[in-house]
Amino acid sequence: MRVSEINSFIVNYKNNQYNYSPYNTPVRRFGTVSFGQRYPVIQTYSQFRKFGIKMGAHCLYCNNILTFDNSMINSWKNQKLFQAPIKVFTSELKPYSKSLHNTEETIFNIISNISKKSPSARLSTVIKILSVQSNKKLLNEQIPVFKQLAEAARELPPEYQKQIYGLLNKNRARLLRIPNIEEFSAKDFKYKIKKLSLSMENNKAYKDIKHLSELLTIPDLKLTESDITPEVLERIRRTIAEADRNPNYVLSKKAKKSRNILKSTIVNKIKEAAASVNRTDIKKLCEDAEKRINGIPVAGKFSNKAFCYDLNAILENFDNKELKKKLFDIAAQLPTSEGSIHAFIIKHADASSDTIGYNLFEPSAITIEHMQPSSLNGPDLLRNWAFACKRCNNKRQSEDMNEFFKMFKQSNAVKYWNQIIDWCNKGYFSFEDTTEMLKIFKRQCSSIKINSNKKLQYLPGINV
């Protein structure tokens, strides 16, 4: 595949009509480029992504136009665009909003409309206000699904019934924000910290939060008997000392003897690191974690993903496949933040502006899809690469492409390959690379017919 040299980002200094000096920073944009007939070979993911962005590539699966990548999202975050007044946020990122998936684009447009009346409001404030109405509408969709699950669970054997009803009661309390005593899960806490940290700058606070949260999953802290080993205590002490900027930090005698006190100490240090960079969402997560560790009722937040994970754990060894499928099919009706604007808003009701902005754009970022998955011996070569948005790429993973394409219109693949063939005919891709790409796709996805014989042309001196 041969393309013209991809230039670096062209810096465009664009001031806004309002004097928000901290936000009048350069926004990185791609400049225009002219293509000749001799092109250097694309060899890296970065070169391939940049080519896709410049040429307006479509996602192989959902057909969204791909106009930005993760490096651009991180640039917007570092320029504080997500923290800026929504008038600045929407005006600067409007050109990229058409690439968003339906849910995220709808939310972006809602924020754009609000910015006309309240230009100085922040993302986190807007989402918080919207969450009041969204909570009512989301409950109207969730509660009927819970009733269906409760009804279907009556068909289960008693030992499974008890577990399912316990899961439903716990999550019903979360839906209604009723305080409830829940066991602290270090694994779940670490996962949530990781997701929230994606929108942070790579600074000392970020590193401290990352290293401290890793401490909580040390196997020694899960045990209920025997003393904590000196080696583990020293590792915890050193990590806290580094975060505390105090090399002489000493763990209290109580912390050395009590796992709960030790966990609380670690969580409190994470909270302090979050406070230093004004991350109220991580602080709130820590406050809830401390309550769980100490057996204090918490008004937990419902998580669709966590609920389905727990449901799967309960029914993992259940041998009635038909009833098992029935329960999972009902659970699949629960609204997700991917497909419901109300679920997205509620999920981010307590989130920071950085997290909201990042999560609006990240699922639509361009990525490189391996048509034959790497885990199934797919070559890490240009001929096995395709353009895909991050959401579709993450969803597919190693799933059979014939099965995965059942979620989408088959015409999306036809449009994608028409675009690739057109680029080859214009000399942007080599004839050999293009034919190999098509061969791999046809092997992976035999259910979709791509008529390339008449369209694909070999042009000596152009696509060689």
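Basic side chains Lys and Arg get +1 at the Cβ, acidic Asp and Glu get -1 at the Cβ, and with that the dipole of segment 186-293 about its Cα centre reaches some 160 debye. Between the alpha-carbon centers of segment 313-351 and segment 416-454, tell me the distance in whole angstrom. Value for the Cα centre distance between the two parts: 37 Å. Under a 5 Å amide H cut-off, with hydrogens placed 1.01 Å from N, Leu60 pairs with Phe387, Ala388, Cys389 among residues at least 5 apart or on other chains. Applied to segment 328-335, the Karplus parametrisation 6.51 cos²θ - 1.76 cosθ + 1.60 on θ = phi - 60° returns per-residue 3J(HN,Hα) values of 5, 5, 5, 4, 5, 7, 5, x Hz, with x for Gly and Pro. Helix 230-244 versus the longest principal axis of the chain: what angle, 0 to 90°, nearest 10, using Cα atoms? Computed tilt is about 70 degrees.
Taking other C-beta atoms within 10 Å as the exposure proxy, Glu436, Glu104, Glu159 rank Glu159, Glu436, Glu104 from fewest upward. Radius of gyration over Kirkwood radius for segment 186-293, both on Cα atoms: the Rg/Rh ratio is 0.95.
With respect to the cross-link table entries Lys54/Lys116; Lys170/Lys321; Lys116/Lys283; Lys187/Lys257, which display a Cα-Cα separation exceeding 29 Å?
Numbers: Lys54/Lys116 31 Å; Lys170/Lys321 25 Å; Lys116/Lys283 31 Å; Lys187/Lys257 22 Å.
Long pairs (Cα-Cα over 29 Å): Lys54/Lys116; Lys116/Lys283.
Taking amide hydrogens as placed 1.01 Å from N in the peptide plane, the amide H of Ser430 sits under 5 Å from those of Arg2, each at least 5 positions away in sequence or on another chain. For the chain, the calculated P(r), taken from all Cα-Cα distances in 10 Å bins from zero up to the bin holding the longest distance, is 4, 16, 23, 24, 20, 10, 3, 0 percent.
Between 0 and 90 degrees, the angle of helix 304-315 with respect to the longest Cα principal axis of the chain falls at about 70 degrees.
Every read-out reported here was derived from the displayed coordinates using simple, explicitly stated rules and does not represent laboratory data. Since this is a predicted model, take the numbers as computed values, not measurements. Every residue, glycine as well, gets a Cβ built from its backbone with ideal geometry; the counts of neighbours run over all protein chains shown.
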